[in-house]
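Read through the structure below, which is laid out as structure tokens, and then see the notes.
Derivation of every value follows stated rules applied to the coordinates shown; laboratory data play no part. The shown structure was predicted, so the numbers you read here are calculated from the model rather than taken from an experiment. Note that each Cβ is placed from the backbone with ideal geometry, even for glycine, and that neighbours are counted across all protein chains shown.
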Amino acid sequence: MSFFGFGQSVEVEILLSDAESRKRAEHKTEDGKKEKYFLFYDGETVSGKVSLVLKNPNKRLEHQGIKIEFIGQIELYYDRGNHHEFVSLVKDLARPGEITQSQAFDFEFTHVEKPYESYTGQNVKLRYFLRATISRRLNDVVKEMDIVVHTLSTYPELNSSIKMEVGIEDCLHIEFEYNKSKYHLKDVIVGKIYFLLVRIKIKHMEIDIIKRETTGTGPNVYHENDTIAKYEIMDGAPVRGESIPIRLFLAGYELTPTMRDINKKFSVRYYLNLVLIDEEERRYFKQQEVVLWRKGDIVRKSMSHQAAIASQRFEGTASLGEVRTPSQLPNNSRQ
Amino acid sequence: MRASPVSDTRRLITKPQNLNDAYGPPSNFLEIDVSNPQTVGVGRGRFTTYEIRVKTNLPIFKLKESTVRRRYSDFEWLRSELERESKVVVPPLPGKAFLRQLPFRGDDGIFDDSFIEERKQGLEQFINKVAGHPLAQNERCLHMFLQDEIIDKSYTPSKI
């Protein structure tokens with residue numbers, strides 16, 4: 001969503017000072033395409049330069065001022081005219097005057113607060129962008145550059161498992177358990193379903209991940225549900241006493257962190273929906289909210305530590321012989 | 001809990017299953033057969049009845065085995081009772097076959113063998129679907145239909 005920055009006579013570019021070293025992250029645009037944008041975190045400085053190239057070097061460019069803004073805004077699709085800006089910083093680059101030759105203006109927004117994560121959803125969009133403006137009498141020349149912001153969290157101190165007994169009186173009683181209530185985006189949901197009473201004819205069972213985007217307030221609240229994933233965990237008819245394991249890897253799905261009441265404008269929440277389907281296609285389900293959070297990329301610990309964790313997984317199974325840690329393998333140059 | 005770069009994906013600890021539960025008969029056994037159509041009566045007063053045999057181990061059914069005879073209009077009665085009394089979305093019955101009841105047909109109308117066979121299968125599908133519904137199982141009318149010798153249409157609807 002950027003203007004081309006073409007006046008009749010000047011080409012405007014926004015260039016970041018750390019463009020070489022800064023990571024890019026993929027983000028879906030409103031029309032569903034995936035594009036890469038520079039990735040920023042809360043508190044990071046945004047600096048660079050605005051470059052102006054005169055198309056015709058002999059023609060001067062008169063202007064009423066040049067500035068650059070850093071904007072964080074929320075846009076509700078049903079109310080496009082009103083952008084809710086929660087971050088708005090401006091730096092003046094040039095007073096009204098003339099540009100006689102191509103030049104660049106440095107800028108720096110120091111330690112910018114970026115309190116929310118970038119989000120493009122079904123009914124709402126939260127974006128951050130730089131906007132360079134050359135004010136002119138008739139029409140301004142504007143160039144925008146979107147960036148993507150991720151909000152990071154650390155392992156929550158309290159992360160209890162979810163364990164519940166649910167059912168229909170005298171027909172179906174199950175106990176379900178998920179190992180945590182808060183999962184990071186590359187986490188694994190480990191759980192189990194234990195059947196206490198089965199008097200219906202179950203055909204199969206699946207677990208769905210549902211994303212609910214809520215926009216609006218008061219009487220105008222609107223929920224948009226989207227089934228992100230459907231994962232079959234059981235095919236066939238269980239009997240009493242049977243335990244069905246769940247192991248669902250989240251990294252394979254397009255998920256965002258849980259966002260609660262962002263700037264009082266919208267929320268994005270995630271639910272696990274356990275669904276049992278019987279022989280007559282009747283559906284029995286139990287929905288449970290889970291909190292998703294984004295973990296920062298960590299520096300890899302030593303290989304031997306990772307090998308120790310991996311070897312722990314094989315405790316209690318038949319011995320596979322001596323486990324060789326990677327440090328014992330030839331040609332292991334990484335440490 | 002220490003942060004670990006590799007997630008622990010081991011299964012949660014589960015209770016071992018009782019072998020009687022694992023290898024015994026399942027608790028969800030419910031089979032209803034609709035069979036043996038018989039046309040009773042003479043002339044204009046003829047109608048066809050079907051044998052409805054229930055075999056089950058569900059505790060909600062008073063009899064573990066039962067056999068009754070019902071006609072199409074009894075199924076219609078059951079369907080309308082369930083629609084009114086319960087929140088169940090009741091599946092449709094096989095067709096009423098109005099055209100077959102008109103005179104001057106080349107075949108036996110509603111007493112035609114292939115038609116009765118088709119209707120019999122439709123009724124079997126219908127009753128199995130309905131009787132397996134946990135909410136329908138709470139209705140007195142379903143139990144009266146399946147296991148009482150005679151349907152008392154002036155009964156008081158109630159929940160089991």
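Just need the Rg to Rh number for segment B:1-65, please, alpha carbons only, Kirkwood Rh.
With Rh from the inverse mean 1/r over Cα pairs, Rg/Rh is 1.47.
Give me the net charge of A:Y116's neighbourhood, meaning all other residues with Cβ under 14 Å from the Cβ of A:Y116; Lys, Arg count +1, Asp, Glu -1.
+1
What is the Å³ per residue value for the convex hull set by the Cα atoms of segment A:4-65?
Numbers: hull volume 9.4 nm³, N = 62.
So the per-residue Cα hull volume is 152 Å³.
Of A:I210, B:S80, B:G122, which is farthest towards the positive pole of the protein assembly as shown's charge dipole, taken about the Cα centre with +1 and -1 on the beta-carbons of Lys, Arg and Asp, Glu respectively?
A:I210
I need the phi-derived Karplus couplings for segment B:96-101: 6.51 cos²θ - 1.76 cosθ + 1.60, θ = phi - 60°, integer Hz, Gly and Pro marked x.
Residue by residue, segment B:96-101 yields 7, 6, 4, 4, 5, 7 Hz.
By how many nm would the segment from A:K36 to A:E11 lengthen if fully extended, with 0.36 nm per residue of separation less the alpha-carbon distance?
6.8 nm
Rounded to the nearest 20 debye, what is the charge dipole size of chain A about its Cα centre when +1 sits on each Lys and Arg Cβ and -1 on each Asp and Glu Cβ? Show your work: numbers first, answer last.
Values: 49 positive and 49 negative charges, 147 e Å.
Charge dipole, chain A, about its Cα centre: 700 debye, nearest 20.
Please compute the Kirkwood hydrodynamic radius of segment A:10-149 from all pairs of different C-alpha atoms, in Å with one decimal.
16.2
With θ set to phi - 60° and the Karplus curve 6.51 cos²θ - 1.76 cosθ + 1.60, what are the ³J(HN,Hα) couplings of segment A:30-37 in order, to the nearest whole Hz, using x for Gly and Pro?
Karplus-based 3J(HN,Hα) across segment A:30-37 equals 4, 8, x, 7, 9, 10, 9, 10 Hz.
Going by alpha carbons, how many degrees (0 to 90, nearest 10) lie between the helix axis of A:303-312 and the longest principal axis of chain A?
30
How large is the convex hull of the Cα atoms of segment A:101-237 per residue, expressed in Å³ as a whole number?
Numbers: hull volume 32.5 nm³, N = 137.
Residue-normalised Cα hull volume stands at 237 Å³.
When the distances between all Cα atoms of segment A:162-293 are binned every 5 Å from zero, what whole-number percent does each bin get?
Per 5 Å bin, starting at 0, the Cα pair percentages come out as 2, 10, 19, 21, 16, 13, 10, 6, 2, 1.
Using Cα positions and a limit of under 15 Å, work out the aspartates and glutamates in reach of A:K23, with same-chain residues fewer than 8 apart set aside.
Cα-Cα hits under 15 Å: A:E35, A:D42, A:E44, A:D146, A:D297.
What pairs from A:K49/A:K125; A:K182/A:K295; A:K211/A:K286; A:K55/A:K91; A:K201/B:K120; A:K203/B:K129 go past 19 Å between their alpha carbons? All intermediate terms of the calculation are to be shown ahead of the outcome.
Numbers: A:K49/A:K125 27 Å; A:K182/A:K295 12 Å; A:K211/A:K286 15 Å; A:K55/A:K91 25 Å; A:K201/B:K120 23 Å; A:K203/B:K129 14 Å.
Checking Cα-Cα distances, A:K49/A:K125; A:K55/A:K91; A:K201/B:K120 exceed 19 Å.
Tell me the angle of helix B:113-131 to the major Cα principal axis of chain B, expressed in degrees between 0 and 90 and rounded to the nearest ten.
Helix B:113-131 sits roughly 40 degrees off the main axis of chain B.
Take every residue in peptide A:279-285, count the Cβ atoms of other chains within 10 Å of its Cβ, and give the average of those counts.
Whole-number average of other-chain Cβ neighbours for A:279-285 is 3.
Would you kindly calculate the mean projected area, averaged across all directions, of the convex hull enclosing the Cα atoms of chain B, in square nanometres?
Taking the Cα atoms of chain B, their convex hull projects to 16.5 nm² on average.
Report the semi-axes of the equivalent ellipsoid for segment B:117-160 in whole Å, largest first, where each axis is √(5λ) for an eigenvalue λ of the Cα gyration tensor.
So the three semi-axes of segment B:117-160 are 21, 14, 7 Å.
For segment B:71-77, just list the computed ³J(HN,Hα) in residue order, Karplus coefficients 6.51, -1.76 and 1.60, θ = phi - 60°, integers in Hz, with x standing in for Gly and Pro.
Computed from phi, the couplings for segment B:71-77 are 10, 4, 5, 5, 5, 4, 4 Hz.
Calculate the FRET efficiency for A:V53 and A:D261 from the Cβ-Cβ distance with a Förster distance of 51 Å, rounded to the nearest 0.05.
The formula returns an efficiency of 0.70 here.
With r as the distance between the Cβ atoms of A:Y222 and B:K15 and R0 = 45 Å, compute the FRET efficiency 1/(1 + (r/R0)^6) and round to 0.05. Spell out each step's value before the answer.
Numbers: r = 44 Å, r/R0 = 0.97.
My answer for the efficiency is 0.55.
Can you tell me the equivalent ellipsoid semi-axes for segment A:51-90? Use √(5λ) from the Cα gyration tensor, largest first, whole Å.
For segment A:51-90, the semi-axes come out at 33, 13, 9 Å.
Please list, in chain and number order, the residues 5+ apart from A:K55 or on another chain whose amide H is under 5 Å from its amide H, with Hs placed from the backbone.
Correct list: A:V10, A:E11.
Given a cut-off of 44 Å, what percent of all Cα-Cα pairs of the protein assembly as shown lie beyond it?
Numbers: 54943 of 122265 pairs.
Cα-Cα pairs in the protein assembly as shown separated by more than 44 Å: 45 percent.
In percent, what relative contact order does segment B:1-134 have, based on Cα pairs under 8 Å that are 6 or more apart in sequence?
It comes to 20 percent, rounded to a whole number.
Given the rule -39500 (n - 2.57) for each run of at least 4 DSSP H residues, summed and divided by the residues of chain A, what is its mean residue ellipticity at 222 nm, to the nearest 500 deg cm²/dmol?
Counting only the DSSP helices, I get -1000 deg cm²/dmol.
For labels at A:V142 and A:R247 in the simple 7 Å Cα→Cβ model, what's the distance in nm?
So the label points at A:V142 and A:R247 sit 5.2 nm apart.
For segment A:10-149, what relative contact order do you get, as a whole percent, if you take Cα pairs closer than 8 Å and at least 6 residues apart?
Details: 325 pairs, mean separation 43.1, N = 140.
About 31 percent, as a whole number.
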